[in-house]
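Presented below is the structure to which this report refers.
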Amino acid sequence: MTLLRVDDLCLSIGSLPILKSLRFQIEAGQVFGVVGESGSGKSMTALALMGLQPGGSVVSGVADLKDRETRNLLALPEDAMCQIRGAEIGMIFQEPMTALNPVQTIGAQVAETLIIHGRATKSQAMVIAREKLNRVGLPAKEFPLDRYPHELSGGQRQRVCIALAIALRPKLLIADEPTTALDVTTQAQILDLLKSLVAEEGMALMLITHDLAVVSGIADQVAVMQHGEIVEAGATADVFREMRHPYTRQLFEASSHVPKRTQRAQDEPLLEVLNATRTYVLPRTGLFSRPPPFKAVNDVSFTLNKGENLGLVGESGCGKSTLTRAILGLEALQAGEIRLFGQKVTPFMPNALRSGVQVVFQDPYGSFNPRWKVARLVAEPFHLRDHVPPEWRTEVADALISVGMQASDMDKYIHEFSGGQRQRIAIARALILRPDLIVLDEAVSALDVSIRAQILDLLADLSDRFDLSYLFISHDLSVVRAIADRVLVMKAGEIVETGRTEDVFANPRHPYTRQLIAATPKLIVGKAG
């Protein structure tokens, strides 16, 4: 039974066409996947259906929602759409921390939609909110209604967003990149939850993602979008088997891309972590009681050799970021030590030592000052030297060119670039001092598959040209498998398995490693017949 039928949906902003004659239909009780790169129009399609498109945009076409007296959603006034949002169409946004109100409790936020739509009194709404939070795996004992979003992990916040979206049992649930920033096990749990909601509630799910593996494992139907158009659509198994459009084949190849690398690892320690322990003192739980200290990193030891790419994988909260801060000299250890180039790493280490290791963060936009031009952003690490070189603009230009940008880009602001270009600029900033070691903290996890493939190729090329070593920190096992020579698996502050990358992936010894590998989405290609 068709729940939503979209015909000739067009959207333009000024003279720029964004969506071009989209046609698709979504069946009740099914998952409809929408895949494509950033800028393809995926999110704009969802926003148009919700009546949340940008101001000044022009929308035309038909979007018929079953059982509505006024059938075309695209022609409804704002007051009518306010009655539909939440009640008949729910939406889960990509970043739960920005979607949730930081000064309201999770119970109040889930109850709010019930109260606004007049479906329940405040007390009744709180009872329903409790039921919905239980349904999405946040039981009352561990997650009372008076918790705030900042007290929850990323996966838990996403579950709150799901509870909020399903509170009124909508007919259609739109999920816009709901698992992009989550680790593989949390991602698997969220996808299982969404699939079970579709089956039990009888709703339809429109899943927007750039991850073909996610879509291949959950979607019944799929539409591939490029430049505001649907270039290929149909049953998921058929689309992934036939791949009739070149863009579909391009996405598939990028999803399984492995960069060409030269094995350059030498028997020369560059970074040595020796029995590292980082402990946090937790706040009191009562007047006279305090929980025992929490060991975020517990007796961790490993060596990274010159010319080696080392992967560090694990779920959120396993201690990866804490260990990274200690390696960068941003936090002190309580026990053990870290040695870089044979010298001890501390928060007070000299700038000359600190300049030998640079970092590329997950969110390049958040790691840049938006008021500075690119030239100043890339040149920022020069403060670690005694003097800024007189030809610093030439060095900035060389760094930008080395990562595939243009010298003229140094006179632009960071908001003028795409996500992939920003990450290239972040890599240029890390390269400007010609370090021996670059720490990449989830550096490609939020990128489209084709952009991710380009960045991985760039990193492999740079490591060969500049004799770089990488510590690659990620929850995405497929990325680590493509780029790392060796891999460390971290759980609850400890390294539970280590070895050559292919050996660990082919024959995982620890149950946790097997759990991570099993939770990683596999790109399933449909079989004929």
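Applying both filters, DSSP loop and at most 10 other Cβ atoms within 10 Å, to the GluC sites (Glu not before Pro) of the range 103-206 gives Glu142.
Rounded if a/c is under 1.5, else prolate if a/b beats b/c, else oblate: with a ≥ b ≥ c from the C-alpha gyration tensor eigenvalues square-rooted, which is the range 187-269? Oblate, because a/c is 1.5 or more while a/b does not exceed b/c. With Rh defined as the Kirkwood radius, the inverse of the mean 1/r over Cα pairs, the Rg/Rh of the range 335-416 is 1.04. Going down the table (Lys122/Lys295; Lys122/Lys491; Lys66/Lys522; Lys412/Lys491; Lys141/Lys491; Lys66/Lys132), which pairs top 31 Å between alpha carbons? Beyond 31 Å between Cα atoms: Lys122/Lys295; Lys122/Lys491; Lys66/Lys522; Lys412/Lys491.
When each of the peptides 270-276, 75-81 is scored by how many other beta carbons lie within 10 Å of its residues on average, the order from highest to lowest is 270-276, 75-81. Leaving out ligands and nucleic acids, note down the accessible area per residue over the chain with a 1.4 angstrom probe, in whole Å². Computed with neighbouring chains in place, this is 44 Å² per residue. For the range 470-518 versus the range 452-468, the inter-centroid distance based on Cα atoms is 21 Å.
For the range 214-244 and the range 304-381, what is the separation of their Cα centres, given in Å? Centre-to-centre distance over Cα atoms comes out at 40 Å. Extension gain for Arg241 to Glu331 (0.36 nm times residue separation, less C-alpha to C-alpha distance): 27.4 nm. Quick one: grab the alpha carbon gyration tensor of the range 1-64, order the square roots of its eigenvalues as a ≥ b ≥ c, and give me rounded if a/c is under 1.5, else prolate or oblate depending on whether a/b is larger than b/c. Cα axes put the range 1-64 in the prolate bin.
Dividing the convex hull volume of the alpha-carbon atoms in the range 66-141 by its residue count gives 139 Å³ per residue.
Using Cβ point charges alone (K and R +1, D and E -1), the dipole size of the chain about the Cα centre works out to roughly 840 debye. Looking at the chain alone, DSSP beta bridges between its own residues are antiparallel in about 55 percent of cases.
Among the trypsin sites (Lys or Arg not before Pro) within the range 423-518, not one is in coil by DSSP while having at most 11 neighbouring Cβ atoms inside 10 Å.
Between Gln343 and His117, residue separation times 0.36 nm minus the direct Cα-Cα distance comes to 75.1 nm.
With N as its number of residues, the chain has a Cα radius of gyration that, divided by 2.2 N^0.38 Å, comes to 1.04.
Qualifying GluC sites (Glu not before Pro) in the range 369-430, where qualification requires a DSSP coil assignment and no more than 12 other C-beta atoms within 10 Å, comprise Glu391.
Remark: relative contact order (the chain) = 16 percent; criterion is Cα-Cα distance under 8 angstrom and separation of 6 or more residues.
Within the assembled protein chains, the solvent-accessible surface assigned to His245 is about 60 Å², based on a 1.4 Å probe. Over all orientations, the range 409-529 has a Cα convex hull whose mean projected area works out to 10.7 square nanometres. Given the range 154-231, report the % of alpha carbon pairs whose separation exceeds 20 Å. For the range 154-231, the share of Cα pairs beyond 20 Å comes to 31 percent. Taking every protein chain into account, the 1.4 Å probe leaves Lys171 with about 60 Å² of accessible area, to the nearest ten. Full extension of the segment from Ser153 to Ser38, taken as 0.36 nm per residue of separation minus the current Cα-Cα distance, would add 38.8 nm.
Convex hull over the Cα atoms of the range 271-415, averaged projected area in nm²?
12.1 nm²
Look at the Cα gyration tensor of the range 108-179: its axes a ≥ b ≥ c give a/c of at least 1.5 with a/b at or below b/c, and that counts as oblate. Taking the Kirkwood radius as Rh and the Cα radius of gyration as Rg, the range 274-341 has a ratio of Rg/Rh equal to 1.07. Based on alpha-carbon atoms, the Kirkwood radius and the radius of gyration of the range 214-349 give Rg/Rh equal to 1.21.
State the answer as a single residue: which of Asn309, Ser153, Val6 lies farthest towards the positive end of the charge dipole of the chain, with beta carbon charges of +1 for Lys and Arg and -1 for Asp and Glu, about the Cα centre. It is Ser153.
As an exercise, use a Förster radius of 51 Å and the Cβ-Cβ distance of Arg264 and Phe294 to find the FRET efficiency, rounded to the nearest 0.05.
Efficiency, rounded to the nearest 0.05: 0.85.
The values are calculated or read from the model by the stated rules, or taken from the named source; none is laboratory data. Note that the structure is a prediction, hence the values are computed from the model and not measured. A quick note on method: Cβ atoms are made from the backbone with ideal geometry, for glycine too, and the neighbour counts reach across all protein chains shown. Accessible surface is based on the protein model in full, side chains and every heavy atom, while ligands, DNA and RNA are left aside. Shrake-Rupley method; radii C 1.70, N 1.55, O 1.52, S 1.80 Å.
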